[in-house]
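The values are calculated or read from the model by the stated rules, or taken from the named source; none is laboratory data. All figures in this text were calculated on a predicted structure; none of them were measured in a lab. A quick note on method: Cβ atoms are made from the backbone with ideal geometry, for glycine too, and the neighbour counts reach across all protein chains shown. To get the accessible areas, we keep the full protein, side chains included, count just its heavy atoms, and leave off ligands, DNA and RNA. Shrake-Rupley method; radii C 1.70, N 1.55, O 1.52, S 1.80 Å.
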Amino acid sequence: MSCLFCKIIAGEIPSKKVYEDEYVYAFYDIAPMAPVHVLFVPKQHMDSADAVSAENSLYVAKIFEAIPKVAAELELANGYRVITNCGEDGCQSVKHLHFHLLGGKKLPETLA
Ligand code: AMP
């Protein structure tokens, strides 16, 4: 298994876990870009948003069920942002689908 996030899910690489269920693993980003920066990953490997299909979309649905629970626990009542980077132009650096949950301050409107 060469995928970094598969290794994190398997516990082979340490992470600061925030949430886990049958489908989803969530942990703090190692290089936070906001006061709260959590990554949500599906427990089944898929490379990116571009690999989501009718066969695996339940994992994505479960991530989006988990996000509001975690957001409430982390006191993000004032709002937050969810982002996924996809492929080369999306600047995706880890090739295992993940969603960034960012919050804890007013985030910039711009993309850059
Ligand atoms: P992306 O650029 O969208 O592929 O995001 C990958 C994210 O994974 C970046 O925000 C990294 O800081 C984060 N990251 C990389 N390695 C680790 C790790 N071992 N534990 C937690 N987060 C990580």
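Data for the structure
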| read-out | value |
| --- | --- |
| Neighbour cut-off at most 13 other Cβ (10 Å), DSSP loop, trypsin sites (Lys or Arg not before Pro), region 14-112 | Lys16, Lys105, Lys106 |
| Relative contact order (percent, whole number), the chain, Cα cutoff 8 Å, 6+ residue spacing | 31 percent |
| Cysteines having no other Cys beta carbon under 4.7 Å from their own, within the chain | Cys86, Cys91 |
| Distance between modelled label sites at Ala61 and Glu75, nm, 7 Å Cα→Cβ extension | 3.4 nm |
| Linear extension gain, Asp50 paired with Ala10, 0.36 nm per residue minus alpha-carbon span | 12.0 nm |
| Cα centre as origin, Lys/Arg/Asp/Glu Cβ charges: region 4-103 dipole, Debye | 220 debye |
| Solvent exposure ordering (accessible area, 1.4 Å, most first) of Cys91, Cys3 | Cys91, Cys3 |
| In region 56-112, the GluC sites (Glu not before Pro) that fall in loop regions by DSSP, at most 11 other Cβ within 10 Å | Glu75, Glu88, Glu109 |
| Candidate aspartates and glutamates for bridging to Lys43, where Cα separation is under 19 Å - those fewer than 8 sequence places away on the same chain excluded | Glu12, Glu20, Asp21, Glu22, Asp29, Glu55, Glu65 |
| Glu20-Lys105 FRET efficiency (beta carbon distance; Förster radius 41 Å; 0.05 resolution) | 0.95 |
| ³J(HN,Hα), Karplus 6.51/-1.76/1.60, whole Hz, each residue of region 8-22, x for Gly, Pro | 5, 4, 6, x, 7, 10, x, 8, 9, 5, 10, 7, 8, 9, 4 |
| Solvent-accessible heavy-atom area per residue, rounded to whole Å², over the chain at 1.4 Å | 61 Å² |
| Kirkwood-based shape ratio for the chain, expressed as Rg/Rh from alpha carbons | 0.94 |
| Percent carbon-and-sulfur accessible area, the chain, ignoring ligands, DNA and RNA, probe 1.4 Å | 54 percent |
| Per DSSP, loop GluC sites (Glu not before Pro) in region 1-56 with at most 14 further Cβ within 10 Å | Glu12, Glu22, Glu55 |
